[in-house]
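**Q** What follows is a structure written as structure tokens; I'll ask about it next.
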Amino acid sequence: MNPILGIDFGRARIGLAISDELRLLAHPFETIPANKDSAKRIAEIVRGRKIDKVVVGIPRHMSGEIGRAANEALEFATKLRALLPCEVQTWDERLTTVAANRALRDAGKKTRQTRAFLDQVAAQMILQGYLDRESAAISAKEISR
């Protein structure tokens, strides 16, 4: 199997994470600037790494509503769908940046040192959540047989 790419979309930076080929674990990959060339850089990564699927995190409000940031992430996902040769899915990413901040702080990292890496860790958490759900769905199918 080819890897899956996870995306934490932000107005200033975009964090990327990539799965292993077995699609069990997500790993921080890269942070890119959010600008007019962002989608092009992601397309280069998708082609170069032979990515089968891209998962874009959608930061919904705790109530489940879609706000401004979520709309921007959805627009970016739409832009990627038109550009990429693979499937682009969205994933509810409530509180992943908060969890990434906490994980880095618990590891003794200072906020200033980890600003760019934070986006990669958030993307890793988005992708790991997606991978875990996919793995559980496969296990459930096997059990029901």
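**Q** What FRET efficiency comes out for the pair ALA136/GLU44, r = Cβ-Cβ distance, R0 = 41 Å, nearest 0.05? All intermediate terms of the calculation are to be shown ahead of the outcome.
**A** Details: r = 32 Å, r/R0 = 0.78.
Using R0 = 41 Å, I get an efficiency of 0.80.
**Q** Then there is this: Using mean Cβ contacts within 10 Å as the protection proxy, how do 3-10, 20-27 order, highest first? List each step's numbers first, then the result.
**A** Working: 3-10: 26.8, 20-27: 14.9.
Answer by packing, highest mean first, reads 3-10, 20-27.
All of the numbers you see were taken from the coordinates with simple rules; none came from a lab. This is a predicted model, so every value here is computed, not measured. FYI the Cβ positions are ideal-geometry reconstructions off the backbone, even for glycines, and counts take in every protein chain you see.
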